[in-house]
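The values are calculated or read from the model by the stated rules, or taken from the named source; none is laboratory data. In this text the structure is predicted, and so the values were computed from the model without any measurement. Here the Cβ positions follow ideal geometry from the backbone for every residue, glycine too, while neighbour counts run over all protein chains shown.
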Amino acid sequence: MKKLKQTQKRRSAICHGAENRRGAAIVEFALVMPLFLTLLLGTWEMSQAVDASHVMSSAIREGGRLAAMDWEGVVPDGTTANEKITTDILNFIKASNLPSEDVTISITHAEGANEGQPFDLSDTDNTLELFKIDVSLPYNSITTFPLHYMENENVTASLVFRSGRVTIIN
């Protein structure tokens with residue numbers, strides 16, 4: 001009988017310890033959960049910016065490919081090569097479900113005395129010169145986060161190409 005009472009006492013002590021621990025677990029959860037949610041939402045938000053940058057880099061790569069090849073049969077009459085490339089980049093971005101209305105595209109010299117100046121792909125003096133295509137999109141256009149921590153920031157992508165007229169033979 002004495003052993004039975006001791007066993008009941010132990011069980012009672014174990015049960016009370018579990019109840020006390022349950023309260024500590026709730027407090028720990030309340031302290032850790034805001035930090036966890038902040039990290040989770042921040043990761044999600046930054047992944048949207050990285051995804052947008054990747055899409056813009058892919059769009060630039062496709063546009064630059066056209067600029068580096070023999071584009072005379074590809075560019076419609078009344079349109080310059082720069083306009084065609086800009087339109088192609090915007091179409092690629094739009095097809096990737098990014099807002100294309102706020103996109104800024106520039107094609108500039110990448111080196112030398114004219115660095116940063118507009119680059120005309122149709123100008124034969126620019127043959128074999130390096131040019132840079134920059135694409136910029138305001139972060140506000142792609143964010144779904146309501147607090148706007150990066151309100152005045154832009155997501156950008158840029159690549160440098162050599163202007164050439166490579167003919168592709170089938």
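So which residues in the range 61-92 are surrounded by fewer than 17 Cβ atoms within 10 Å (Cβ to Cβ) and touching a strand residue (DSSP E or B) at 6+ places or on another chain (Cβ under 8 Å)?
R61, A68, M69, D70
Provide a single number: the residues in the range 58-76 that are farther than 16 Å from R162 by Cβ and modelled with pLDDT under 85.
So the answer is 5.
Do we find a residue being touching a Gly at 6+ places or on another chain (Cβ under 6 Å) and closer than 19 Å to N154 by Cα anywhere in the range 82-105?
Residues of the range 82-105 touching a Gly at 6+ places or on another chain (Cβ under 6 Å): 85, 88-89.
Going one step further and asking which of them are closer than 19 Å to N154 by Cα, we end up with 89.
Yes: one or more hits.
Looking only at the range 77-98, count every residue that is of a type in the set (G, A, S), outside any helix (DSSP H, G or I) and at pLDDT below 90 and tell me the total.
Residues of the range 77-98 that are of a type in the set (G, A, S), as a first pass: 78, 81, 95-96.
Next, from what is left, pick out any that are outside any helix (DSSP H, G or I): 78, 96.
Now restrict to residues that are at pLDDT below 90: 78.
Number satisfying all stated conditions: 1.
Against the condition at pLDDT 90 or above and surrounded by 10 or more Cβ atoms within 10 Å (Cβ to Cβ), how does M33 come out, does it pass? Talk me through it step by step, then tell me what you get.
Details: at pLDDT 90 or above: yes; surrounded by 10 or more Cβ atoms within 10 Å (Cβ to Cβ): yes.
Yes: the conditions hold for M33.
Within the set of pairs 6 or more residues apart or between chains, which connect a residue that is hydroxyl-bearing (S, T, Y) inside the range 48-76 to a residue that is surrounded by 14 or more Cβ atoms within 10 Å (Cβ to Cβ) with Cβ atoms less than 6 Å apart?
The qualifying pairs are S53/V155; S53/A157; S57/A157.
Output the residues belonging to the range 99-126 that are touching a residue at least 12 places away in the same chain (Cβ under 8 Å), outside any loop (DSSP other than H, G, I, E, B) and more than 22 Å from the chain's Cα centre (by Cα).
Selection gives T108, H109, P118, N126.
Does any residue of the range 49-57 turn out to be surrounded by 10 or more Cβ atoms within 10 Å (Cβ to Cβ), of a type in the set (S, T, N, Q), at pLDDT 85 or above and on the phi < 0 side of the Ramachandran plot?
Checked the range 49-57: at least one residue is surrounded by 10 or more Cβ atoms within 10 Å (Cβ to Cβ), of a type in the set (S, T, N, Q), at pLDDT 85 or above and on the phi < 0 side of the Ramachandran plot.
Check N154 against each of (1) closer than 30 Å to T38 by Cβ; (2) out of contact with any Phe, Trp or Tyr (no Cβ under 9 Å at 6 or more places or on another chain); (3) among the polar types (S, T, N, Q); (4) modelled with pLDDT under 90 and name the one condition it does not meet.
(2)
Just to be sure before I move on: is S106 of a type in the set (G, A, S), surrounded by 15 or more Cβ atoms within 10 Å (Cβ to Cβ), in contact with a helix residue (DSSP H, G or I) (Cβ under 6 Å, 6 or more places away or on another chain) and at pLDDT 90 or above in the structure I sent? Steps first, answer last, please.
Details: of a type in the set (G, A, S): yes; surrounded by 15 or more Cβ atoms within 10 Å (Cβ to Cβ): yes; in contact with a helix residue (DSSP H, G or I) (Cβ under 6 Å, 6 or more places away or on another chain): no; at pLDDT 90 or above: yes.
For S106, the condition - of a type in the set (G, A, S), surrounded by 15 or more Cβ atoms within 10 Å (Cβ to Cβ), in contact with a helix residue (DSSP H, G or I) (Cβ under 6 Å, 6 or more places away or on another chain) and at pLDDT 90 or above - is not met.
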